[in-house]
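Before any comments, here is the structure.
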Amino acid sequence: MGAINLVLAFVFAISSPIWPLGENPIPGDPYLIVNKKTNSYVFFDDGTIAKEGKVATGKSSGLTPEGEFTVVVKAKDPYYRKKDIPGGDPDNPLGSRWIGFDAKNTDGRIYGLHGNNNPQSIGKYATSGCVRFQENDIQWLFDHVPLGTRVLVVDTPKSFQEIVRMRDVFLE
């Protein structure tokens with residue numbers, strides 16, 4: 001009876017509507033780099049820069065985690081749990097989109113890329129750990145960043161071209 005249950009569990013897992021969560025990008029596919037030093041980002045798609053701009057990162061250097069992470073969840077009009085603010089509310093600091101990644105072994109609901117309700121904060125150190133974008137940028141990214149996209153967060157004076165060339169050094 002145990003073998004049958006194991007086979008049934010396997011069949012259920014691969015036929016489940018949540019398996020897989022989406023196609024994972026392959027090398028050369030979308031890749032996002034956030035540089036905390038310059039509070040800027042660049043989004044590569046098919047090896048070329050598709051979008052770049054300014055962001056806000058953590059109020060102190062340790063708040064926004066550094067490393068390479070994977071986008072694991074996306075949400076429109078995200079709910080802000082910390083202060084019980086519903087999605088779509090003008091007081092919601094997460095803005096209209098959430099792209100969550102798995103930093104510090106989390107499930108994509110703690111750390112993420114999101115919009116904002118305070119455009120003046122962009123380019124500054126202003127968040128509790130997430131990466132805050134202008135609303136038009138996060139809406140564009142939401143449409144172009146699939147689940148499985150890798151996100152590299154660094155703190156360096158190097159250019160994005162240097163970061164790409166030295167990516168392995170940042171991952172050590």
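Here are the numbers:
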| item | result |
| --- | --- |
| Subset of region 66-85 [in a strand (DSSP E or B) and touching a residue at least 40 places away in the same chain (Cβ under 8 Å)] | 67, 68, 69, 70, 71, 72, 73, 74, 76 |
| Of all residues in region 35-65 being outside any strand (DSSP E or B) and in contact with an Asp or Glu (Cβ under 6 Å, 6 or more places away or on another chain), the one that is farthest from residue 145 (Cα to Cα) | 37 |
| Region 32-67, residues that are crowded, with 17+ Cβ neighbours inside 10 Å, at pLDDT below 95 and not hydrophobic (A, V, I, L, M, F, W, C) | 45 |
| Test: residue in region 71-79 that is touching a Cys at 6+ places or on another chain (Cβ under 7 Å) and hydroxyl-bearing (Ser, Thr, Tyr) | no |
| Residue that is nearest to residue 65 (Cα to Cα), among those in region 153-166 that are surrounded by fewer than 19 Cβ atoms within 10 Å (Cβ to Cβ) and in contact with a Lys or Arg (Cβ under 8 Å, 6 or more places away or on another chain) | 155 |
| Subset tally (residues that are over 19 Å from residue 35 (Cβ atoms) and of a type in the set (Val, Ile, Thr)) for region 103-123 | 2 |
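Condition check ((1) farther than 14 Å from residue 32 by Cα; (2) in contact with a helix residue (DSSP H, G or I) (Cβ under 6 Å, 6 or more places away or on another chain); (3) free of Cβ contacts under 8 Å to residues at least 40 places away in the same chain; (4) crowded, with 17+ Cβ neighbours inside 10 Å) across all residues:
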site: 87; (1), (2), (3), (4): yes, no, yes, no
site: 92; (1), (2), (3), (4): yes, no, yes, yes
site: 101; (1), (2), (3), (4): no, no, no, yes
site: 125; (1), (2), (3), (4): yes, no, no, no
site: 131; (1), (2), (3), (4): no, no, no, yes
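Condition check ((1) under 15 Å from residue 55 (Cβ atoms); (2) among the hydroxyl-bearing types (Ser, Thr, Tyr); (3) surrounded by fewer than 17 Cβ atoms within 10 Å (Cβ to Cβ)) across all residues:
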| site | (1), (2), (3) |
| --- | --- |
| 112 | yes, no, no |
| 119 | yes, no, yes |
| 143 | no, no, yes |
| 168 | no, no, yes |
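The values are calculated or read from the model by the stated rules, or taken from the named source; none is laboratory data. In this text, all values refer to a predicted model and were calculated from it rather than measured experimentally. Glycine gets a Cβ as well: all are built from the backbone with ideal geometry, and neighbour counts include every protein chain shown.
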